[in-house]
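The values are calculated or read from the model by the stated rules, or taken from the named source; none is laboratory data. This is a predicted model, so every value here is computed, not measured. No Cβ is skipped: glycine too gets one built from the backbone with ideal geometry, and neighbour counts run over all protein chains shown. The accessibility values were calculated without ligands, DNA or RNA, using every heavy atom of the protein model including side chains. Shrake-Rupley method; radii C 1.70, N 1.55, O 1.52, S 1.80 Å.
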Amino acid sequence: MIHKSGFVNIIGFPNVGKSTLINSLVGEKISIITNRPQTTRHRILGIIEKSNYQIIFSDTPGIILQITSLSLMQKMMMQYVEKSLEDADIVLFMTDIGISTVQLNLFQKCFSVTLNSIQKKNIPVIILINKIDRIGVKYTSDKLFSDTIDFWHKFLPYSEILPISALKKMNQDLLMNKILELLSEHPPYYPKGILSDRTERFFVNEIIREKIFFLYKKEIPYSVEIITEIFKEDEICINIFSSIYVERDSQKGILIGKKGKTIKRLEFFSVREIESFFNKKKVFLKLNVKVCKNWKSNYKKLKNFGY
Ligand SMILES: Nc1nc2c(ncn2[C@@H]2O[C@H](COP(=O)(O)OP(=O)(O)OP(=O)(O)O)[C@@H](O)[C@H]2O)c(=O)[nH]1
Ligand SMILES: [Mg+2]
């Protein structure tokens with residue numbers, strides 16, 4: 001029996017549904033999802049396998065199309081994207097029906113060199129146009145949809161274009177069949193039975209960060225980073241102690257809230273999700289807020305945060 005294996009890297013604009021897709025393909029929530037851009041900050045592997053294949057998917061941060069200066073954190077996020085474009089066996093380039101031609105042209109300007117090199121190396125690219133559930137079965141007559149198709153036809157003429165809905169799992173079987181067709185024969189890259197390359201502590205950090213996106217407005221979710229210092233698991237429960245780092249003193253007060261009310265809510269929502277993620281009856285979580293000035297532009301601090 002032949003065995004296929006390879007790296008299938010999901011790359012695309014912010015907020016188009018990359019993390020939704022990897023979760024849906026892997027069948028577990030390994031990557032957090034919010035309705036705001038730049039949610040994913042790292043490259044996260046999600047592995048699926050059967051006796052005859054092992055596919056290693058990568059979720060990546062959304063490509064920031066911004067001419068003005070990026071923070072060091074954003075630059076590091078974009079390095080994960082570049083790296084994922086280089087080491088892919090297959091690139092799933094994700095866009096959605098809401099992306100305007102202005103954004104697409106800007107993308108062409110910023111990424112033409114990288115995309116040319118992918119084409120030179122003959123790395124197959126499948127262009128995924130996500131969120132077609134928003135326009136339903138008549139999506140082919142949608143103007144934005146046909147503009148997007150035209151753009152990609154001209155830009156990467158040899159790539160397949162597949163309209164999908166990551167949320168509703170539309171055309172996911174088609175996508176899986178295409179991936180399996182394109183993958184090369186290779187023994188598994190990872191020992192069988194592994195779901196992700198990430199640690200339990202990483203998943204806890206990400207769950208807390210996701211809940212911060214839901215509970216806090218404006219810049220707060222973009223100003224936090226989390227480190228889980230204690231993760232002690234026994235048969236019945238998990239004891240967790242995590243620190244939330246903010247950029248400024250004023251943000252510390254906002255995170256904690258009056259008489260600690262808001263942080264209690266954050267603990268409550270985080271605990272519920274951590275319990276379900278680790279399939280545990282009881283999780284005890286203690287959150288602590290610390291100020292770490294300008295961490296987003298400090299290389300050493302970013303390294304400590306796992307960038
Ligand atoms: N209607 C619809 N919404 C979707 C679909 N896929 C994702 N979404 C929504 O789009 C938003 C962004 O989804 P994410 O999966 O976080 O997007 P992302 O590309 O990972 O975003 P970044 O990590 O910020 O780059 C969320 O509100 C999702 O529920 C889809 O197929 N249809
Ligand atoms: Mg994401």
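Please indicate, with yes or no, whether at least one residue in segment 78-90 is within 25 Å of ASN298 (Cβ to Cβ), among the hydrophobic types (A, V, I, L, M, F, W, C) and out of contact with any strand residue (DSSP E or B) (no Cβ under 9 Å at 6 or more places or on another chain). So that I can check it myself, show each step before the final result.
We begin by selecting, within segment 78-90, every residue within 25 Å of ASN298 (Cβ to Cβ); these are 78-84.
With the extra rule that they be among the hydrophobic types (A, V, I, L, M, F, W, C), the set shrinks to 78, 81.
Filter again for out of contact with any strand residue (DSSP E or B) (no Cβ under 9 Å at 6 or more places or on another chain), leaving 78.
Yes - at least one qualifying residue is present in segment 78-90.
Six or more apart or on different chains, Cβ atoms under 9 Å: show the pairs whose first residue is in segment 150-174 and in contact (Cβ under 8 Å) with a residue 24 or more places away in the chain and open to solvent by 60 Å² or more (accessible area, probe 1.4 Å) and whose second is of a type in the set (Ser, Thr, Tyr) and within 10 Å of ligand 1 (Cβ to nearest atom).
LEU167/THR20; LEU167/SER24; LYS169/SER24
Is it true that ILE127 is touching a helix residue (DSSP H, G or I) at 6+ places or on another chain (Cβ under 8 Å) and touching a residue at least 24 places away in the same chain (Cβ under 8 Å)?
Against the criterion (touching a helix residue (DSSP H, G or I) at 6+ places or on another chain (Cβ under 8 Å) and touching a residue at least 24 places away in the same chain (Cβ under 8 Å)), ILE127 qualifies.
Go through segment 137-252 and tell me which strands (runs of 3 or more DSSP E), entirely inside it, have 2 or more residues that are over 30 Å from VAL102 (Cα atoms).
Fully inside segment 137-252 and qualifying: 225-233, 237-246.
Do you know which of the residues in segment 31-51 that are touching a residue at least 40 places away in the same chain (Cβ under 8 Å) and away from ligand 2 (no atom under 16 Å from the Cβ) is least open to solvent (accessible area, probe 1.4 Å)?
Restricting to residues being touching a residue at least 40 places away in the same chain (Cβ under 8 Å) and away from ligand 2 (no atom under 16 Å from the Cβ), the top hit is ILE47.
Which residues, taken from segment 79-109, are open to solvent by 10 Å² or more (accessible area, probe 1.4 Å) and of a type in the set (S, T, N, Q)?
GLN79, SER100, THR101, GLN103, ASN105, GLN108, listed by residue number.
Give segment 39-62 a look and list any residue that's within 20 Å of LEU115 (Cβ to Cβ), touching a helix residue (DSSP H, G or I) at 6+ places or on another chain (Cβ under 6 Å) and near ligand 1 (Cβ under 10 Å from one of its atoms), or say none.
Passing the criteria: ASP59, THR60, PRO61.
Of the conditions (1) at positive phi; (2) of a type in the set (S, T, N, Q); (3) not assigned by TED's automatic domain parsing to the domain that holds LEU45, ASN171 fails just one. Which one is it?
(3)
Can you report the number of residues in segment 52-73 which are modelled with pLDDT of 95 or more, polar (S, T, N, Q) and surrounded by fewer than 21 Cβ atoms within 10 Å (Cβ to Cβ)?
Counting residues in segment 52-73 that are modelled with pLDDT of 95 or more, polar (S, T, N, Q) and surrounded by fewer than 21 Cβ atoms within 10 Å (Cβ to Cβ) gives 1.
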